[in-house]
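Take a look at the structure set out below.
The values are calculated or read from the model by the stated rules, or taken from the named source; none is laboratory data. Since the model is a prediction, treat every value here as computed from it, not as a measurement. Reconstructed Cβ throughout: ideal geometry from the backbone, glycine too, with neighbour counts over all protein chains shown. Just the protein is used for accessible areas: all its heavy atoms, side chains included, with ligands, DNA and RNA removed. Shrake-Rupley method; radii C 1.70, N 1.55, O 1.52, S 1.80 Å.
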Amino acid sequence: MTKSNNAPIGFFDSGVGGVTVYEQVKKLLPDENYIYFGDTKNMPYGEKTETELLGFADKIFKFLELKNAKAVVMACNTTSAVVYEKLKNNYNYEIYPIIQSVAKAIAELPVKRIGVFATHATINTHCYKREIQKHNPDMEVFEIACPGWVKIVENGDENTQEARISVKEKMDEMLKNKPEKIILGCTHYPYLLNVLSEFAPKEIFINPSVEFAKIIKKDLESKGLISNNGSQKFEKFYVSKSPENFQKAASMFYKINELPELAEL
Ligand code: DGL
């Protein structure tokens, strides 16, 4: 695999969730070129079948291959859980799946009981539990699916009564397990942090993107893939539906200056 250092790093998610990863990575690696694909037409991924997810992810991976990506960040827990293992050897760049990348760091936290909020599809695979317990079999992992949260975020409805009721219901269920930490195991969920922290201290929630960004930087450095052309950098966002909506919803985490380009794969 020979790639130019100045080839872009690709990102993908079903929508604005991956922006919570993107802004962390961009903070650590400001001189890279970036391409982001948000599959807004097919969200929410958490309610899709494995066959559907394989189809969406393969098209996006191929799109990013045509854009000459040197690495692709799966800024989406659902596809990391459901399709990563099946597709990981099919493309000509490095692939970083969020769950498998951060599991070791989570397993090393000084806690015994940990909760995970994630999509239906992610929870059905038990990927978080399996990956964490590979490194720390004694950690108890409580997994709860939160259908509906992704759409709330994509619609910018974080401050509505609907959001509050749904978050309260899931928090009540989660807190019965007495978790010491709660992983936001879907990249959309950090948008709900204000509502979530009405029901527990903010410090209990873990946004895995923070650790994920450090891991990506370290790995790119170790492979000699860091950009060496700071002055020429670019970023480009693509979405499969509703670019204005995407730009607006993402703005809680990142200001996208140019309207994303519509790309139907
Ligand atoms: N943000 C993605 C994740 O981390 C996908 C959520 C969805 O579209 O359901 O799982």
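List of remarks:
- Averaging 1/r across all pairs of distinct Cα atoms in region 150-220 and inverting the result yields a Kirkwood radius of 13.2 Å.
- Size descriptors for the chain, from the alpha-carbon set: Rg then Dmax equal 17.5, 52 Å.
- Relative to the longest principal axis of the Cα atoms of the chain, the long axis of helix 19-28 makes an angle of roughly 60 degrees.
- Measuring nothing but protein heavy atoms, the accessible surface of the chain at 1.4 Å probe radius is 49 percent carbon and sulfur.
- Pairs beyond 31 Å (Cα-Cα), from 70/170; 3/214; 151/223; 104/223; 26/88; 48/236: 70/170; 151/223
- Karplus-derived 3J(HN,Hα), 6.51/-1.76/1.60, for each residue of region 206-217, Hz, glycine and proline x: 10, 9, x, 4, 5, 5, 4, 4, 5, 5, 4, 4
- Coupling constants for region 176-188 follow from the phi torsions by the Karplus curve (6.51 cos²θ - 1.76 cosθ + 1.60, θ = phi - 60°), and in residue order they are 4, 7, 6, x, 8, 9, 10, 7, 7, x, 9, 5, 7 Hz; glycine and proline get x.
- For residue 206, distant residues with modelled amide H under 5 Å away: 182, 183, 184
- Entry comment: accessible area of region 76-154 is 40 Å² per residue, from protein heavy atoms only and a probe of 1.4 Å.
- Comparing mean-square fluctuations of 59, 176, 236 from a GNM of the chain with C-alpha springs under 10 Å, the top value falls on 176.
- Rounded to the nearest 20, the Cβ-based charge dipole of the chain about its Cα centre (Lys and Arg +1, Asp and Glu -1) stands at 500 debye.
- Kirkwood Rh and Cα Rg combined as Rg over Rh, evaluated for region 109-265: 1.01
- Placing +1 on the Cβ of every Lys and Arg and -1 on the Cβ of every Asp and Glu, with nothing else charged, gives region 72-162 a dipole about its Cα centre of roughly 380 debye.
- 0 to 90° range, to nearest 10: angle between helix 98-107 axis and the chain longest Cα axis: 50
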